[in-house]
Amino acid sequence: MNVTAIDWGIIAAFFVISLLIGLFTAKKAGSSAKEFFLSGRNMPWWLLGVSMVATTFSADTPNLVTDIVRKNGVAGNWAWWAFLLTGMLTVFVYAKLWRRSEVTTDLEFYELRYSGKGAAFLRAFRAIYLGVFFNVVIMATVSLAAIKIGGVMLGLSPIQTLLIASIVTVIYSSLGGLKGVLLTDFFQFFIAMIGSFGAAYFILDLPEIGSLNNLLAHENVADKLNFLPEFSDPNVYIPLFIMPIAIQWWATWYPGAEPGGGGYIAQRMLSAKDEKNAMGATLFFNIAHYALRPWPWILIALSSLVIFPNISDLQAAFPEIPVDKLGDDLAYSAMLTYLPTGLIGIVLASLIAAVMSTLSTHLNWGSSYVVNDFYLRFIKPDASDKQLVAVGRISTVLLMTFSAILALALSSALDAFNILLQIGAGTGLIFILRWFWWRINAYTEISAMAISFVVAIFFEVINPKVNWILIPENQAYLKLIYSVSITTVGWLIVTFITQPEKDEVLLSFYRKVTPAAFGWKKVLDRYPAEKQVIGQLPKEIGLMVIGTIMIYSALFSTGFFIYGNLLGGIIAGVIAVAGGFILIKSWKSIH
């Protein structure tokens, strides 16, 4: 690529602004652990919502979408579009429950909802498992995307790319805490959006593409455009549509799309000013994530099928890229090499922003687990705020180092995505039910976590070698069905053969969080003086459905207009507007 002084100037300005934000927020962030990890619980919905979007706008996300579209067409995106269901459930049911809990991290929830050694073990184990190991895997996939971008667009080696991205991110993340991350995310979000829309617009005008109409009519693209998969072949529509929409969204755990909320999404909700701000932030995130962002990525992915129809074409164009890093996801970065001076700088800055916003969030989130749920809880309960912030900053550096090392060994973002889904298969229903069903206990979660991990190792590592359970290559989705079924049956058995939590623990949780009393009735009936809060759960679920329809309609309305289907675009747009009107009218009555 011909990266000029203008482009380098834009990139340099981006780095300087990001570092200045970290320096600007450093003093206040270092004043206390709560300030470092939750920004004093005083953040507005718009800042939190934009931060959620910026975090999920990782550099590996357009790579993942490109991989999906090239392999399975636009309809393949249901693998992640289906997570809108759990996102909207979080908006209307769980956001206010999380904010009421007033915990510092979602792992602290374990010792609010459960008690004894089981709760302590869960908190400690998941602090290390999620905060370190799992978190490092996620950051490694992001770093892998950075490696591919740096290699294709700048000719950098993997180590050079990781050093540049890691050092700047670690500096502002460790100095500014969550507030530094939020403010940097806000700045980086707009850079990222400008870059992705600008890139799509210019690429459609390339001589090889000609125009949007030429692209849509191209023989390599025409059969990739459907919103839904072909329903004549069950080996196509079951894994691409039925599995995500029927099972995956509620049964699996994936960062940013956790059933019942969790992870860095919970961290944002916990740092909100109040319950309505927590809900507003999550609603904005889901609208922007699913309705606003996908189409520029999809159009660039479709364009890549014209210029680089096969992986061999990518290899021929970029012979310096290591063979183990070649894949369909590389096509996104390859298409960006066609951009002109100035726009290259903006797009590179946007991709760097995408990498850094995700890494910074995961660094702060992961270090919050290490500090609050492991170090403070089990190592040094009397630690001062100064010590906690210091440990947070040290763990930030170490997490980035480990993830960079792992990134050098990965080859595909889609492979990592599928493995993570498999590990969390069958645990999602617990995260949905534990707020509303008194019978769930700490051993429910421990057993689900253990069983899902063992089952994932069996299907991903052992079974391919010994072939004890025959799974045809075109029916790989059976692994998810088996995993969810085995894990769910396992944790249900454990739930009923172990003792429930003590009444005082259950009542304490119920009084603090006040979930709908339906699933708590057996406990509450033993205490006639205890108020049974019926709540608005049926209404909240209804609004979840309306919100889901609204966002899908907005997504497909845009798609119809892009495809030139004006009637379809208008109908879907009217449905989206009607859904939005209902949500606005209902907003004030939600409590």
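What follows is calculated from the coordinates using simple rules that are stated; it is not laboratory data. Remember, predicted model here, so these are calculated numbers, not experimental data. Heads up, the Cβs are rebuilt from the backbone with ideal geometry, glycines too, and the neighbour counts pull from every protein chain shown.
Using the Cα coordinates of the range 1-103, the gyration tensor eigenvalues translate into equivalent-ellipsoid semi-axes of 30, 29, 9 Å, sorted from longest to shortest. Taking only the Cα atoms of the chain, the ratio Rg/Rh comes out at 0.96, with Rh defined as the Kirkwood radius.
Could you compute how fast the range 98-253 diffuses translationally, taking Rh as the Kirkwood radius over C-alpha pairs and applying Stokes-Einstein at 25 °C with viscosity 0.890 mPa s? Give it in µm² per second. It diffuses with D of about 117 µm²/s by this estimate.
Each of residue 71 and residue 475 was given a label point 7 Å from its Cα along the Cα-to-Cβ line. The distance between the two points is 2.0 nm.
Over the range 278-383, consider all pairs of different Cα atoms and compute the Kirkwood hydrodynamic radius from their mean reciprocal separation; express it in Å, one decimal. Across the range 278-383, the inverse of the average 1/r is 17.5 Å. Label separation (residue 571 vs residue 466): 5.3 nm, computed from points 7 Å beyond Cα along the C-beta direction.
3J(HN,Hα) along the range 381-388, derived from phi through the Karplus expression 6.51 cos²θ - 1.76 cosθ + 1.60 where θ = phi - 60°, amounts to x, 9, 4, 7, 4, 4, 5, 5 Hz, with x in place of Gly and Pro. Once the Cα atoms are used to define both axes, helix 442-457 deviates from the longest principal axis of the chain by about 30 degrees. For the chain, the relative contact order comes to 27 percent (Cα pairs under 8 Å, sequence separation of at least 6). Given a Förster distance of 45 Å, report the FRET efficiency between residue 591 and residue 19 from their Cβ-Cβ distance, rounded to the nearest 0.05. Between residue 591 and residue 19 the formula returns 0.60.
Using only the C-alpha atoms, the convex hull of the range 444-591 corresponds to 173 Å³ per residue.
Given R0 = 56 Å, the distance between the Cβ atoms of residue 112 and residue 201 translates into a calculated FRET efficiency of 0.70. State, to one decimal in nm, how far the label point of residue 433 lies from the label point of residue 228, with both points 7 Å from Cα in the Cβ direction. With each label point 7 Å from Cα toward Cβ, the separation is 3.1 nm.
If only the Cβ of Lys and Arg carry +1 and only the Cβ of Asp and Glu carry -1, the dipole of the chain around its Cα centre is close to 2180 debye. Label zone (residue 190, point 7 Å along Cα-to-C-beta; backbone nitrogen cut-off 15 Å) within the range 350-365: 350. By the equivalent-ellipsoid construction on the alpha carbon gyration tensor, the range 371-513 comes out with semi-axes of 32, 28, 11 Å, ordered largest to smallest. Rounded to the nearest 10 degrees, the inclination of helix 116-128 to the longest alpha-carbon principal axis of the chain is 20 degrees. Straight-distance candidates among the lysines for linking to residue 502, with alpha-carbon spacing under 24 Å and chain neighbours fewer than 8 residues away dropped: 117, 512, 521, 522, 531.
Computed from the C-beta positions of residue 530 and residue 46, the FRET efficiency with R₀ = 51 Å rounds to 0.85. The charge dipole of the range 56-194, taken about its Cα centre with unit charges on the Cβ atoms of Lys, Arg (+1), Asp and Glu (-1) only, comes to about 240 debye. At q = 0.20, 0.21, 0.26 Å⁻¹, what base-10 log of I(q)/I(0) does the Debye formula yield for the range 138-177 when every alpha carbon is treated as an equal point scatterer in vacuo? Ignoring solvent entirely, the Cα scatterers give -0.58, -0.63, -0.82.
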